[in-house]
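Structure, as structure tokens:
The values are calculated or read from the model by the stated rules, or taken from the named source; none is laboratory data. Quick caveat, the model's predicted, so the values are computed rather than measured. Because the Cβ atoms are built from the backbone with ideal geometry, glycine has one as well, and the counts that use them run over all protein chains shown.
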Amino acid sequence: MKKILIIGIGAGDPDYVTMQAVNALNQVDVFFMMDKGPSKTKLIELRKEICRRYIKGDDHRFVDATSPQWTRGTEDYFSTVDDLNRDKQVLFERLIAEEMADGECGAFLVWGDPTLYDSTIRIIEIIASSGRHDLDYEVIPGISSIQALAAKHRTTLNRIGQSIEITTGRKMAEGFPEGADSVVVMLDAEDTYKRFADQDIDIYWGAYVGMPDEILVSGKLRDVARDIERMRAEARQANGWIMDSYLMRRGGGASGGSTT
């Protein structure tokens, strides 16, 4: 039997790696590194740095593979994602078949937490249940960007007795979720928060949280929305990519504004 570990490695700071993840890293024979292009090289290097820092010995190897890319801005979002995941499934299955020997352990190092807006678990589950491979898999949780964001801003995700919703920029464009006091927004490529700048809402925004390029902004949305938009555009241009998320909360939380 072959075994796959899906390891959450945290939101960017190698210190976010849990002891469970460290123990898992030391079981692995082959690490699959998904190359998403020149602008994302830093993410691969960080994964390898985590391995150098926490793995004892050198009896493991890295296999680099070009990750399938998806077409942004298409009308049928769900079909596009389905196509992307099918392409990833073909790639993952080939890696498992050709780059692992029987009895070996392979691993995918997932940014943040594998259970949150990531398809690796679903893809490996499909491969394991297909019957084409004698395959087992395990999921190791990680510190998500949501947890890191709240900690960096020294706040909680929810207020006492209140609800919170985790959603995407695409869904947030439909409006602030009814009944939610606080909303965490991920995967927002369109600066959707600007739609709520005329309301009494506090925002806690962060980009590259836990990394050297970290940017944090908090305050009344009406006061800091333009700053976030400008910083976001500048950071994307400088790095070629951006990884950010934000917490929005109905008025009564933050006051004034802060930027770091």
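Some notes on this structure:
- The residue list ARG236, ARG230 contains one member that is in the same structural domain as GLY161 (by TED's automatic domain parsing), closer than 26 Å to LYS40 by Cβ and at pLDDT 95 or above, which is ARG230.
- So ARG52, is it more than 30 Å from ASP244 (Cβ to Cβ) and not polar (S, T, N, Q): no
- Of the strands (runs of 3 or more DSSP E) that lie entirely inside the stretch 1-79, those containing 3 or more residues that are surrounded by fewer than 16 Cβ atoms within 10 Å (Cβ to Cβ) and modelled with pLDDT of 90 or more span 61-66.
- Within the stretch 145-196, if we keep just the residues that are free of Cβ contacts under 8 Å to residues at least 40 places away in the same chain and among the aliphatic types (A, V, I, L, M), the residue that is surrounded by the most Cβ atoms within 10 Å (Cβ to Cβ) turns out to be MET172.
- Among the candidates VAL183, VAL217, the residue that is in contact with a Leu (Cβ under 9 Å, 6 or more places away or on another chain), within 30 Å of VAL17 (Cβ to Cβ) and hydrophobic (A, V, I, L, M, F, W, C) is uniquely VAL183.
- Cross-chain or 6+ apart pairs with Cβ under 9 Å, the stretch 123-144 first and of a type in the set (Lys, Arg), then buried (at least 17 other Cβ atoms within 10 Å of the Cβ): ARG132/GLU93
- Considering the stretch 239-260, and only residues there that are among the polar types (S, T, N, Q) and not in a strand (DSSP E or B), the residue that is modelled with the highest pLDDT turns out to be ASN239.
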